[in-house]
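Notes follow the structure.
The values are calculated or read from the model by the stated rules, or taken from the named source; none is laboratory data. Predicted, not measured: the structure shown is a model, and the values here were computed from it. Here the Cβ positions follow ideal geometry from the backbone for every residue, glycine too, while neighbour counts run over all protein chains shown.
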Amino acid sequence: MRKRNYLITVVCVLMTLLVFVSCGNYAESGTVIIDGKEAAKLVDTNGVILVDAQKASAYAKGHIEGAVNIGRTDIVKKGLVVNMLADKAVIEEVFGSRGISNSTTVVIYDNNANMDAARLWWTFLVYGHENVKVVGGGLEEMVRAGFTTSTEAVNVAPATFTASEKNTDLIATTAEVLSQVNDPMDDVALIDTRTIEEVEVGTIPSSIHINYVKNNYNDGTYRKIQDIRIIYKEAGITPDCTAIMYCKTSIRGAQTFLALYNAGYRNLKLYDGAWIEWVLDADRPVQLPENDAPVISNTQDES
C-alpha cells in the first residue's frame, strides 16, 4: 500500500511539473501579493504608507489603525463610461496628499475581495510606481495578523508624487479588442472575468470566461501561485500569450490582472472601458455563449 501511495504521489508531482514546463517562461513571481504577517513587518519600517482602499464611508466605520484612505472614486473619472482611469494630474494630487512620494513603499488592502486594492495597485503600476504590495485577503487578513482597527481619520504630511506618463502597454483600447475579435491572433486571449449570469446576457466574441472569484480561496485570500498558473494554463492562457481582461468596468478585471502578474505573467492588458464601453456601439458584436459552466453564487458586484 505504501509503495502504491508513493507511486501515486510521484505521478502527481511529475504531472504538475509537466504543466509548469509546458506553459512558457514565467517572470519573477510572488513580488506583489503578501499576507498579513508580511504586511506587519513592512508597516513597522520607515518610508511605508498603509493604504485602505475601501469607500470613504466604509473607511469611516473602521479601518486598520494608521491607514490612509484612497477609495475608488479618488482614482477614476466621471463620464459615460464609469470607472475609467483618472488623469495623471489627479493621481499626483491624490497620492501626494496621502503622504506618498516616489520613494514611498505602499501597502494596500481592501474589504472587497481584493478588487479595489488590485485596481489601486494597477493604477500605481500604470503611472510608474512599482514599489507597491497588496495584502491578499484584505482587512480580515490584517485583523487575523494582529492589526487593530480604528475609526479615527489619519492625517499625514503631504508629499510630492510625480507620476510617469501613462504606460499604455498595460491598457487595451476598444480598437485593439475589436481587432482581436475581427482578426484573432493565436497568442492573444480575451478574458471575461464577470459572473456566468452576466456572460449569459452577452460577452465579447472569443472571450474565455474565468470568473474573478476563482482567483481567491473561500477565506478571501488570493490563491497560491501554482494554483493560479494551473487555472489559467488549463484555459489555454500561458505567459507567452497576451492576456486582455475585462469585466463590467474593469475593477474585477484588475483583480485578475494582479493574480496573473503575481504568478509571473507579464503580457497583460486591462481593457479599461470594458463591457460598458463595448456595448455603447450597437455595431460591435456580442456573443451569446452556451451555458455550460456552473453558476457561482455569492459573488460581489464591482460597484
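Some observations on this one:
- Considering the conditions (1) surrounded by fewer than 17 Cβ atoms within 10 Å (Cβ to Cβ); (2) modelled with pLDDT of 95 or more, Phe257 is excluded by exactly one of them, (1).
- Index of the failed condition, Gly137 passing every other in (1) free of Cβ contacts under 8 Å to residues at least 24 places away in the same chain; (2) under 29 Å from Asn218 (Cβ atoms): (1)
- Within the range 120-134, not a single residue is more than 17 Å from the chain's Cα centre (by Cα), modelled with pLDDT of 95 or more and charged (D, E, K, R).
- Hits in the range 85-103 (condition: in contact with a Gly (Cβ under 7 Å, 6 or more places away or on another chain) and either modelled with pLDDT under 95 or of a type outside the set (Ser, Thr, Tyr) (or both)): none
- Qualifying residue in the range 222-242 (condition: crowded, with 20+ Cβ neighbours inside 10 Å, more than 25 Å from Trp278 (Cβ to Cβ) and among the hydroxyl-bearing types (Ser, Thr, Tyr)): yes
- Subset of the range 126-175 [assigned to a strand (DSSP E or B) and over 20 Å from Phe257 (Cβ atoms)]: Thr149, Ser150
- Of all the listed residues (Val76, Val81, Val132), the sole one being surrounded by fewer than 24 Cβ atoms within 10 Å (Cβ to Cβ) and over 30 Å from Asn218 (Cα atoms) is Val81.
- Pairs where the first residue, in the range 67-79, is within 14 Å of Val51 (Cα to Cα) and the second is crowded, with 19+ Cβ neighbours inside 10 Å and β-branched (Val, Ile, Thr), C-beta under 7 Å, 6+ apart: Ala67/Val51; Val68/Ile49; Val68/Val51; Ile70/Val51; Ile75/Ile91; Ile75/Thr123
Listed here are the residues, each with its yes/no results for (1) modelled with pLDDT of 95 or more; (2) loosely packed, with under 10 Cβ neighbours inside 10 Å.
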residue: Asn5; (1), (2): no, yes
residue: Thr16; (1), (2): no, no
residue: Gly24; (1), (2): no, no
residue: Ala27; (1), (2): yes, no
residue: Asn46; (1), (2): no, yes
residue: Lys55; (1), (2): yes, no
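- If the condition is being in a loop (DSSP other than H, G, I, E, B), under 15 Å from the mean Cα position of the chain (by Cα) and among the small types (Gly, Ala, Ser), then the range 210-243 contributes only Gly220.
- Of all residues in the range 53-111, those that are more than 22 Å from Gly136 (Cβ to Cβ), among the hydrophobic types (A, V, I, L, M, F, W, C) and in a loop (DSSP other than H, G, I, E, B) total 4.
- Single condition Gly220 does not satisfy, out of (1) over 30 Å from Met142 (Cα atoms); (2) touching a residue at least 12 places away in the same chain (Cβ under 8 Å): (1)
- Neighbours by Cβ (under 8 Å, 6+ apart or cross-chain): first from the range 228-241, closer than 10 Å to Tyr265 by Cα; second assigned to a helix (DSSP H, G or I) and of a type in the set (Asp, Glu): none
- Selection status of Val177, among the β-branched types (Val, Ile, Thr), in contact with a Phe, Trp or Tyr (Cβ under 6 Å, 6 or more places away or on another chain) and farther than 22 Å from Ile228 by Cα: yes
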